[in-house]
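The block underneath contains the structure these notes are about, expressed in structure tokens.
The values are calculated or read from the model by the stated rules, or taken from the named source; none is laboratory data. In this text the structure is predicted, and so the values were computed from the model without any measurement. Methodologically, a virtual Cβ is constructed for each residue, glycine included, from the backbone with ideal geometry; neighbour enumeration extends over all protein chains shown. All accessible areas refer to the heavy atoms of the entire protein, side chains included, with ligands and DNA or RNA removed. Shrake-Rupley method; radii C 1.70, N 1.55, O 1.52, S 1.80 Å.
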Amino acid sequence: MRSHRIRKTIARLVALALIEAPKILMQVFGHKSIEMTLTYILSDENLRADIEVVSRELRIMRAKEAVEAMMEAEAKGRGSLQFGGYGGPAALALQRAVNQTTKRARESGVDWGASDALELASILTLGGKAWQLVRQGVVCTKFPGTESGPCNKSKGHPEPASCSSLCHHRLEEGFLREDVDASISAAIEGYKSSALSKDFLVQAHWAGQIRTNISRFSDLHNKWMEDPTVREILQGNLQMNWISD
Ligand code: SF4
């Protein structure tokens, strides 16, 4: 057992925690922002370099999975979920990037393979610098240092606690779909029952939940827009009966 070996193991563990669950690291250190946590952990230069290498690899692999899912969905065409099952405003931009790259490859008679997906994933993540996981299943695709988002309006690291479902950098992984669907359903029920009991503050809360979740996945948006209560809320026509009482 050597200290060098332990350092490599710690680097992998910290990188995994940073990529998969940054909030846990923040809680362990009692920090309010991920930037504070990073400054604290990364004060050891060698450890920092090892963590950075593993973190970049993990981000690229995450992007490769998204690229491959989108390519597969595009190839299957009808019947497959839009954007390979991914959601969030960034899914459209990502699908466009995948389509353009595969189209260029087709036009030049080149067969698209796994190494091409990896190369595109590396480009999309700036070699693994971008694509931070802000919470489970939610990826911030913002390029650090050059782009800003509504969470903190700065070009530094994103603020996971203030991540907005409307931010155009936000990408959502497909496994969240079921939870989002159930949340919208529960919010509609809550909205209706609070309207009946004239609990208008609670009613406004449920309306906010519906607005937050409705656009997270395109297929769920289409499904729930069939619901008259949802349409009414999105048109800003809340059933606030006390106005007419
Ligand atoms: S609001 Fe946008 S920039 Fe901020 S963490 Fe969320 S996706 Fe990233």
(message) Please verify whether residue 168 is in a loop (DSSP other than H, G, I, E, B) and under 30 Å from residue 206 (Cα atoms), treating the condition exactly as stated.
(response) yes
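In the range 162-197, which residues are of a type in the set (A, V, I, L, M), open to solvent by 40 Å² or more (accessible area, probe 1.4 Å) and either under 17 Å from residue 228 (Cα atoms) or in contact with a helix residue (DSSP H, G or I) (Cβ under 6 Å, 6 or more places away or on another chain) (or both)? Talk me through it step by step, then tell me what you get.
Within the range 162-197, the subset of a type in the set (A, V, I, L, M) is 166, 171, 176, 180, 182, 184, 186-188, 195-196.
This time we only want the ones that are open to solvent by 40 Å² or more (accessible area, probe 1.4 Å), so: 166, 182, 186, 196.
186, 196, listed by residue number.
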(message) So in the range 84-102, with the set limited to residues that are within 16 Å of the ligand (Cβ to nearest atom) and in a helix (DSSP H, G or I), which one is nearest to residue 174 (Cα to Cα)?
(response) 91
(request) Among the candidates 130, 117, 105, single out the residue that is modelled with pLDDT of 85 or more and more than 16 Å from the ligand (Cβ to nearest atom). (result) 117
(request) Scan the range 20-75 residue by residue and report those that are basic (Lys, Arg) and at pLDDT 85 or above. (result) 56, 59, 62, 64
(message) So residue 155 passes all but one of these: (1) on the phi < 0 side of the Ramachandran plot; (2) more than 16 Å from the ligand (Cβ to nearest atom). Which condition number does it fail?
(response) (2)
